[in-house]
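The values are calculated or read from the model by the stated rules, or taken from the named source; none is laboratory data. If you're wondering where the values come from, they're calculated on a predicted model, not measured in any experiment. We place every Cβ from the backbone using ideal geometry, glycine too, and count neighbours over all the protein chains shown. Protein only, heavy atoms only, side chains kept; ligands, DNA and RNA dropped before computing areas. Shrake-Rupley method; radii C 1.70, N 1.55, O 1.52, S 1.80 Å.
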Amino acid sequence: ASATACFIANVPQAWAEGLTTIEALNSAVLPINYATYTEAGGYLGVPKLTVNGEAKLCIPMFGSIDIPGTNVPAMTHNQTYSIPVRRLFAKISVELTLDMNLSGLQSTIQTLTNYELSYCNLHNLPNKVRLVEDVNSESAWKNGADNPNISTPFRSANFDAKIYNKSSSMEQKSYAFDCYVPEFYLNSIQNPTNDQRYK
């Protein structure tokens, strides 16, 4: 009469096979190892799983529905269900620009003023992620560097990028890069919100 149906992708098979009850599924926490910046082809925060002795770069995904449920019909013969699957990591895109008002200064200063980005570090990266989001309590691994559930910082290669002011005649006016972080709950329990900035 009722069921929970789910898809789990990009996780170790043995770990997924250990989830034999709904309770285990709802409380499941996937341990994460990360690829280096070089291994991930110029990205920080990319998970690295070992499958049959071979390293695989991938982002874990999960989706489930309760049958019947909200906008989900009860089971009938030949009933088709759609299960949306979402990534358990958020992609963070950073674009840096420089827009200083340099009017009235020498043209050389206006042209050559720039921001130099040498590299970036990604700190406080959790080494685990929940399959099913717990919206009633903050993640136990939300704290900073002293938490054993937080990975050591990851560093990019040297960018050595010069970002010139918007009004400059020089070419590079922006610099962009991406990184990935596992979603975990930082929101105040007393004042819950769905704002994605708090994940």
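Can you bin every Cα-Cα distance in the range 1-77 into 10 Å intervals starting at zero and give me the percent of pairs per bin, rounded to whole numbers?
Histogram of Cα-Cα distances, whole percents per bin: 16, 37, 26, 15, 5, 0.
Report in % the part of the accessible area of the range 49-182 that belongs to carbon and sulfur, leaving out ligands and nucleic acids; probe 1.4 Å.
Working: 4030 of 8500 Å².
Here carbon and sulfur together make up 47 percent of the probe-accessible area.
Could you calculate the contour length gain from K142 to A157, that is, 0.36 nm times the residue separation minus the distance between their Cα atoms, to one decimal place in nm? Mind showing how you got there, number by number?
Values: separation 15, 0.36 × 15 = 5.40 nm, distance 2.68 nm.
So the extension gain works out to 2.7 nm.
Put +1 on the Cβ of every Lys and Arg and -1 on every Asp and Glu Cβ in the chain; which of F177, M75, N165 then has its Cα farthest towards the positive end of the dipole?
The residue sitting farthest along the positive end of the dipole is N165.
Taking Cα pairs under 8 Å and at least six residues apart, what relative contact order does the range 80-180 come out at, in percent?
44
What are the aspartates and glutamates whose alpha-carbon lies under 16 Å from the alpha-carbon of K128, with same-chain residues fewer than 8 places away excluded?
E138, D146, E183
Looking only at the range 45-75, which residues have a backbone nitrogen under 16 Å from a spot 7 Å from the Cα of N194 in the C-beta direction?
70-71
With each run of n ≥ 4 DSSP H residues scored as -39500 (n - 2.57), what mean residue ellipticity at 222 nm is computed for the chain after dividing by its residue count and rounding to the nearest 500 deg cm²/dmol?
-2000 deg cm²/dmol
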